[in-house]
Amino acid sequence: MSNRNFDVAYNLTTNNKFLLNSYGDYCGCFKCCSVYLVSEIKSYTNDDSAICPYCGNDYVLPDILETRISKNFLKKLSAFWFGV
């Protein structure tokens, strides 16, 4: 996955309530690398960015990219953005 694709993925974590509720059943957080059902999301920030129900961060990615949401994919994003 190119750096540009990592940027696209990151941009999908903001103001994503509509995307999450309109496309797919799953999403993932690339801070804690959890994959879960969109229905598990219970809160959003003031700008409609989803809050992860497992770690409380707003790095929730809708499952709408060519690369499917998986722990492996989320770990790659996490390593790129957070160096872990």
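The values are calculated or read from the model by the stated rules, or taken from the named source; none is laboratory data. As the structure is a computational prediction, the values presented were derived from the model and not from experiment. FYI the Cβ positions are ideal-geometry reconstructions off the backbone, even for glycines, and counts take in every protein chain you see.
Condition test on Asn11, is it of a type in the set (S, T, N, Q) and either under 9 Å from the mean Cα position of the chain (by Cα) or exposed (fewer than 12 other Cβ atoms within 10 Å of the Cβ) (or both)? Step through it out loud before you land on a result.
Numbers: of a type in the set (S, T, N, Q): yes; either under 9 Å from the mean Cα position of the chain (by Cα) or exposed (fewer than 12 other Cβ atoms within 10 Å of the Cβ) (or both): yes.
The answer is yes for Asn11.
Please enumerate the residues belonging to region 55-81 that are within 10 Å of Cys32 (Cα to Cα), in a helix (DSSP H, G or I) and more than 10 Å from the chain's Cα centre (by Cα).
Across region 55-81, the qualifying residues are Lys71, Lys75, Ser78.
Please determine whether any residue of region 46-54 is outside any loop (DSSP other than H, G, I, E, B) and of a type in the set (Val, Ile, Thr). Steps first, answer last, please.
Taking region 46-54 as the starting set, the residues that turn out to be outside any loop (DSSP other than H, G, I, E, B) are 50.
Filter once more, so that each one left must be of a type in the set (Val, Ile, Thr): none.
No.
List the number of the failed condition for Leu65; all other conditions in (1) crowded, with 16+ Cβ neighbours inside 10 Å; (2) of a type in the set (A, V, I, L, M); (3) touching a residue at least 60 places away in the same chain (Cβ under 8 Å) hold.
(1)
Pick from Cys33, Cys27: which is of a type outside the set (Lys, Arg), surrounded by 13 or more Cβ atoms within 10 Å (Cβ to Cβ), at positive phi and touching a residue at least 24 places away in the same chain (Cβ under 8 Å)?
On the way: Cys27 fails: at positive phi.
Going through Cys33, Cys27 in turn, the sole match is Cys33.
Would you confirm whether or not region 1-11 contains a residue that is at pLDDT below 95, part of a loop (DSSP other than H, G, I, E, B) and not aliphatic (A, V, I, L, M)? Before you say what the answer is, go through the steps one by one.
So in region 1-11, the residues at pLDDT below 95 come out as 1-11.
Within this subset, residues satisfying the condition of being part of a loop (DSSP other than H, G, I, E, B) are 1-2.
Add one more test, that the residue is not aliphatic (A, V, I, L, M), and what stays is 2.
Yes, some residue in region 1-11 is at pLDDT below 95, part of a loop (DSSP other than H, G, I, E, B) and not aliphatic (A, V, I, L, M).
Which one of Asn21, Asn15 is part of a loop (DSSP other than H, G, I, E, B) and farther than 17 Å from Leu77 by Cα?
One residue alone meets the criteria, Asn15.
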